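Quick notes on the structure that follows.
The values are calculated or read from the model by the stated rules, or taken from the named source; none is laboratory data. Because the structure is a prediction, the values reported are computed rather than measured. As a convention, Cβ positions derive from the backbone with ideal geometry for all residues, glycine included, and neighbour counts pool all protein chains shown. Accessible surface is based on the protein model in full, side chains and every heavy atom, while ligands, DNA and RNA are left aside. Shrake-Rupley method; radii C 1.70, N 1.55, O 1.52, S 1.80 Å.
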Amino acid sequence: MEYNITLLKGDGIGPEIVESAAAVLEKTGEKFGHKFNFTNCLIGGCAIDETGIPLPPETVETCLASDSVLLGAVGGPKWDDQPGDNRPEKALLGIRSAMGLYTNLRPAKLYPALRSASPLKDSIVGRGFDIMIVRELTGGIYFGDRGYRQGKFGREAFDTEAYSVTEIERIGKIAFDTAMKRSMKVCSVDKANVLESSRLWRSTMHRLAENYPQVEYRDMFVDNAAMQLVRDPGQFDVIVTSNMFGDILSDEASQITGSIGMLASASLGEGSRGLYEPIHGSAPDIAGTGKANPIAAVLSGAMMLRLSFGLGDEAESIEQAVDKVLNDGFRTADIMSENCKALNCMEMTERILDNI
Ligand code: IPM
Ligand code: MG
């Protein structure tokens, strides 16, 4: 088969890691008889430099016309003084919304080979964990009414959290369907003891849960969830939550794996087209030094093959290549540990390619 993939390399280490991922996709395509056509588009700070805005219309059009999109990372200190709605990060929200990507899947699992990299004690992570955070991505406070007004103490700024039953149901269904293919557990995270939008979230999830009697369902307040993630991460399978709570909890979940440079993510909507990106940021401090870890981007490519193109064997061959390289003791700087061999971004990519 032939697939058209848009590459949004972005800023900082984005270009290096996306090139690694594209090379791995190409090699996988050769092995299995697929052709991947890559088109590059601007997003984030580099787009501001070239065109004055972080998300040029041409980028949106190309993404919408392609079979899937692979993104590196956006942002950096160079663009910190841009006004709020012209910041590189705004392009991320814009592309998610333009592509209708309301589901964000953020897996956080502990690689056995990297267990010592986790900041949590062995007594806590000893039995490992494999969590899938299902984050709502195009609603909530990220997209609600906002502005400035006169308040009790003078001028104030406000942002609004709002969720409709439709939005909650569609993300809830994804969470339950995802759990059906995993360990059959869903934990819905909200703040229903305070927020009205969370009470609607919770009652809607309860209604949905009735359609999935096989799935073990529970609710958890977000403050407790933040605590439970470091107390006993092994208790979780699928966590489903709102845009902002998901943003926060997914950073926490990735950190306890000890290897944020390893974690991929998928953003999906109604069709098969998705946007795949590493969870880590643009790391401008190490851009161009060769220190970047390409694995999260490479694994994002694997997620694309599986979730957008239905190419499960191909995805597995990439994941197995990564496992092999780690088990052979090769590491980039961010996941380095004693008795392992340090590789730069390009060398790590070569090792992975050798194992495809
Ligand atoms: C993420 C990021 C983005 C978000 C920012 C950069 C807009 O933190 O993808 O988690 O908050 O969604
Ligand atoms: Mg985030």
- Query: Do we have ASN211 as in a loop (DSSP other than H, G, I, E, B), open to solvent by 40 Å² or more (accessible area, probe 1.4 Å) and either within 16 Å of ligand 2 (Cβ to nearest atom) or not small (Gly, Ala, Ser) (or both) here?
  - Reply: yes
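So, GLY75, is that one over 22 Å from ASP334 (Cα atoms) and either of a type in the set (A, V, I, L, M, F, W, C) or within 20 Å of the chain's Cα centre (by Cα) (or both) or not?
Working: over 22 Å from ASP334 (Cα atoms): no; either of a type in the set (A, V, I, L, M, F, W, C) or within 20 Å of the chain's Cα centre (by Cα) (or both): yes.
Considered against the rule, which asks whether it is over 22 Å from ASP334 (Cα atoms) and either of a type in the set (A, V, I, L, M, F, W, C) or within 20 Å of the chain's Cα centre (by Cα) (or both), GLY75 comes out as no.
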- Message: Criterion first (away from ligand 1 (no atom under 16 Å from the Cβ), at negative phi, in a loop (DSSP other than H, G, I, E, B) and open to solvent by 30 Å² or more (accessible area, probe 1.4 Å)) does GLY281 satisfy it?
- Response: no
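In the list ILE141, ILE124, ILE174, ILE168, which residue meets the criterion of being closer than 26 Å to ASP334 by Cα and in contact (Cβ under 8 Å) with a residue 12 or more places away in the chain? Break it down stepwise before answering.
Numbers: ILE141 fails: closer than 26 Å to ASP334 by Cα; ILE174 fails: closer than 26 Å to ASP334 by Cα; ILE168 fails: closer than 26 Å to ASP334 by Cα.
Result: ILE124 is the single residue among ILE141, ILE124, ILE174, ILE168 that is closer than 26 Å to ASP334 by Cα and in contact (Cβ under 8 Å) with a residue 12 or more places away in the chain.
Would it be correct to say that ASP81 is more than 24 Å from SER272 (Cα to Cα), open to solvent by 80 Å² or more (accessible area, probe 1.4 Å) and assigned by TED's automatic domain parsing to the domain that holds VAL322? Before you say what the answer is, go through the steps one by one.
Working: more than 24 Å from SER272 (Cα to Cα): yes; open to solvent by 80 Å² or more (accessible area, probe 1.4 Å): yes; assigned by TED's automatic domain parsing to the domain that holds VAL322: yes.
Against the criterion (more than 24 Å from SER272 (Cα to Cα), open to solvent by 80 Å² or more (accessible area, probe 1.4 Å) and assigned by TED's automatic domain parsing to the domain that holds VAL322), ASP81 qualifies.
Output yes when any residue across the range 213-227 is touching a strand residue (DSSP E or B) at 6+ places or on another chain (Cβ under 8 Å), within 16 Å of ligand 1 (Cβ to nearest atom) and without any contact (Cβ under 8 Å) to a residue 40 or more places away in the chain, and no when none is.
Quick first cut of the range 213-227, residues touching a strand residue (DSSP E or B) at 6+ places or on another chain (Cβ under 8 Å) only: 215-222, 225.
Those still in the list that are within 16 Å of ligand 1 (Cβ to nearest atom) too: 222.
After this cut, where a residue has to be without any contact (Cβ under 8 Å) to a residue 40 or more places away in the chain as well, the list is 222.
Looking for residues that are touching a strand residue (DSSP E or B) at 6+ places or on another chain (Cβ under 8 Å), within 16 Å of ligand 1 (Cβ to nearest atom) and without any contact (Cβ under 8 Å) to a residue 40 or more places away in the chain, one finds at least one in the range 213-227, hence yes.
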- Task: Could you look through the range 265-277, keep only residues that are modelled with pLDDT of 95 or more and either over 24 Å from GLU167 (Cα atoms) or open to solvent by 10 Å² or more (accessible area, probe 1.4 Å) (or both), and pick out the one that is nearest to ligand 1 (Cβ to nearest atom)?
- Result: GLU277
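With the requirement that a residue be aromatic (Phe, Trp, Tyr) and open to solvent by less than 20 Å² (accessible area, probe 1.4 Å), what does the range 97-117 give you?
Just the residues of the range 97-117 that are aromatic (Phe, Trp, Tyr), to begin with: 102, 111.
Result: TYR102, single match.
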- Query: Could you count how many residues in the range 7-35 are open to solvent by 20 Å² or more (accessible area, probe 1.4 Å) and on the phi < 0 side of the Ramachandran plot?
  - Reply: 12
- Message: Between ALA321, ALA342, which is in contact with a helix residue (DSSP H, G or I) (Cβ under 8 Å, 6 or more places away or on another chain), open to solvent by 60 Å² or more (accessible area, probe 1.4 Å) and small (Gly, Ala, Ser)?
- Response: ALA342
